[in-house]
Amino acid sequence: MENPWKTLKIKPLYENPWIKLEEHDILNPAGNPGIYGKVHFKNKALGIIPIDSEGNTWLVGQYRYTLEAYSWEIPMGGGPIGQDILQSAQRELKEETGLIASRWTEIMKIHTSNSVTDEEGFVFLAEELTQEEPEFEETEVLQIKKLPFQEALNWVMEGKITDGISIAGILKAARILGYLE
């Protein structure tokens with residue numbers, strides 16, 4: 001489909017190693033002038049759902065500065081644009097949980113908030129697991145919780161998990177694994 005928007009001017013507002021914020025002067029589809037804010041992420045968002053042979057998964061709990069709240073999520077992180085997303089997902093799973101998976105399946109691509117950002121996310125199912133020690137980054141104070149996958153699915157349905165990539169990934173994995181019809 002043809003793009004009905006016309007960009008007149010792009011003004012950079014802010015940039016750091018992770019994001020770039022721009023203001024776009026535009027003509028909207030009706031031909032009227034306006035502005036659009038765009039956040040460009042310099043990493044791909046990567047979520048991982050580890051599943052062991054007994055149907056357990058792992059969640060990661062941490063205080064999220066931007067929300068000023070504690071959050072339970074699937075293991076996740078960022079992979080630099082241009083790097084292999086599977087290798088980045090493998091690194092993130094090891095860093096946050098100490099888990100190494102022999103079998104990986106990409107189960108979804110997601111745009112995290114497409115009205116304000118071009119961020120792409122990917123979710124993987126990680127199976128055939130072995131446990132090693134986590135390798136947390138300096139910004140991470142994480143709690144790791146191993147639980148039955150069904151309980152993680154219940155947490156989504158009860159609103160205990162609010163992170164968008166975690167919700168979408170758990171629901172998609174539940175469908176693939178036969179927990180939902």
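The values are calculated or read from the model by the stated rules, or taken from the named source; none is laboratory data. Being a predicted model, the structure only gives us computed values, none of them experimental. When we count neighbours, we look across all protein chains shown, and the Cβ atoms used for this are built from the backbone with ideal geometry, even at glycine.
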What number of residues in the range 1-14 are of a type in the set (D, E, K, R) and in a loop (DSSP other than H, G, I, E, B)? 1
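The rows are residues; the columns are (1) free of Cβ contacts under 8 Å to residues at least 12 places away in the same chain; (2) not aromatic (Phe, Trp, Tyr).
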| site | (1), (2) |
| --- | --- |
| 111 | yes, yes |
| 120 | no, yes |
| 141 | no, yes |
| 146 | no, yes |
| 154 | yes, yes |
| 161 | no, yes |
| 173 | no, yes |
| 179 | no, no |
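Residue-by-condition table, conditions (1) hydroxyl-bearing (Ser, Thr, Tyr); (2) within 15 Å of the chain's Cα centre (by Cα); (3) surrounded by 15 or more Cβ atoms within 10 Å (Cβ to Cβ); (4) within 21 Å of residue 45 (Cα to Cα):
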| position | (1), (2), (3), (4) |
| --- | --- |
| 111 | no, yes, no, yes |
| 131 | no, no, no, no |
| 143 | no, no, no, yes |
| 150 | no, no, no, no |
| 157 | no, no, no, no |
| 163 | no, yes, yes, yes |
| 169 | no, yes, yes, yes |
| 172 | no, yes, yes, yes |
| 175 | no, no, no, no |
Among the listed residues 81, 26, 85, identify the single one that is touching a Leu at 6+ places or on another chain (Cβ under 7 Å), assigned by TED's automatic domain parsing to the domain that holds residue 132 and not acidic (Asp, Glu). 85
What tally of residues in the range 29-71 results from selecting those that are farther than 21 Å from residue 119 by Cα and in the same structural domain as residue 134 (by TED's automatic domain parsing)? 17
Please find, within the range 1-58, the residue that is farthest from residue 93 (Cα to Cα) out of those that are under 18 Å from the mean Cα position of the chain (by Cα) and among the aliphatic types (A, V, I, L, M). 39
